[in-house]
Structures are given as C-alpha cells and as structure tokens.
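A.B. asks: Structure provided below as structure tokens; questions to follow.
Quick note: the coordinates plus some simple rules give every number you see, no bench work behind them. Treat the numbers as computed from the prediction; the structure is a model and nothing was measured. Every residue, glycine as well, gets a Cβ built from its backbone with ideal geometry; the counts of neighbours run over all protein chains shown.
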C-alpha cells in the first residue's frame, strides 16, 4: 500500500547554501551570487538555483519510498516561481491515484510569503526485483 502523503523535507536557503551549490555545480551565474547584479534583473534580487530546490523533492521521495525506488521514479515538474535567499523550502506531495502518481510540490516560506515554487507529478517506479534463490544455488553455496 502506498502512503497518502510524502514525508516532507525542509531546507533553509541562505547565502552560504547558494554558494556551496554554485561551487558543487560550477554554476556561478551572478543572478545567484551577486546581489548588486541580481537587483538589476527582472528577478529583483538573488535567487537560488532551481535544481537546489528540486533536490529537496527527490529527498522527500527517497525518504518516503527508499533510495532503491528512485532509479525507476520520474518527475514531470515546472518551476513556478523563484526561491529567494533566506527562504525556507519545504518539499512534499500527496497521492493522486493508485497507479503510483503523486502530486508534488516545493513551497517557499519566508520574506513574508508562502507560495508554491515547483509543482508537478511524480511517478513512482516499481520496487526492485528480489533475487531468486533456487535449490541448486543453495547447494552450490554450501559446497566447499
């Protein structure tokens, strides 16, 4: 039986987290790192890397279903709004049907707002195949 709700995961997106993500991915776009530059853009300030927030959704899925189910899991999402520096992001979801589909989201809470920043659907992959054991396999393992 599949759970109704995904286990939520939370993360504080501060300047240090954005910088660490830039270093890991080698994505030094000034919209993420330079407050003066970012203030002059249509975003009006520093925004986090979209994949930084999306990774929290994968963490929610893995916490709910286990790492072994992630290789067969697919996401169909859209980035709705940017995540701002000093937002808390919360990822979760709710079962949409009995076929393994979940409505998923990432919400930003901070700076006087609480809104969805990523929305979409997750299709949960099948459980991993269990290894089969035959009598001949057991005998071979017990032989010297």
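A.B. asks: Order of 34-45, 53-64, 8-19 by packing, highest average Cβ count within 10 Å first? The partial results should precede the final answer.
C.D. replies: Working: 34-45: 11.9, 53-64: 20.0, 8-19: 15.7.
Most protected by this proxy first, the peptides run 53-64, 8-19, 34-45.
A.B. asks: Based on alpha-carbon atoms only, what is the radius of gyration of region 9-142 relative to the globular estimate 2.2 N^0.38 Å?
C.D. replies: Numbers: Rg = 19.7 Å, N = 134, 2.2 N^0.38 = 14.1 Å.
Output field value: 1.39.
A.B. asks: Can you give the angle from 0 to 90° between the axis of helix 15-25 and the longest principal axis of the chain, with both taken from C-alpha atoms, to the nearest 10?
C.D. replies: It is inclined by approximately 60 degrees.
A.B. asks: For the chain, what does the helix formula give at 222 nm: sum of -39500 (n - 2.57) over DSSP H segments with n ≥ 4, over the residue count, nearest 500 deg cm²/dmol?
C.D. replies: Working: 5 runs with 44 residues, N = 144.
Counting only the DSSP helices, I get -8500 deg cm²/dmol.
A.B. asks: Further, regarding this structure: Taking region 9-79 as the region of interest, what is the percent of Cα-Cα pairs per 10 angstrom bin, listed from the shortest bin to the one with the maximum distance?
C.D. replies: 18, 41, 30, 11, 1
A.B. asks: How far, in nm, would the chain grow between residue 39 and residue 5 when pulled straight, counting 0.36 nm per residue and subtracting the alpha carbon separation?
C.D. replies: Details: separation 34, 0.36 × 34 = 12.24 nm, distance 3.75 nm.
Between residue 39 and residue 5, full extension yields 8.5 nm more.
A.B. asks: With angles folded into 0 to 90 degrees, how steeply does helix 50-65 sit against the dominant principal axis of the chain? Use alpha carbons for both and round to 10.
C.D. replies: Here the helix axis deviates by roughly 30 degrees.
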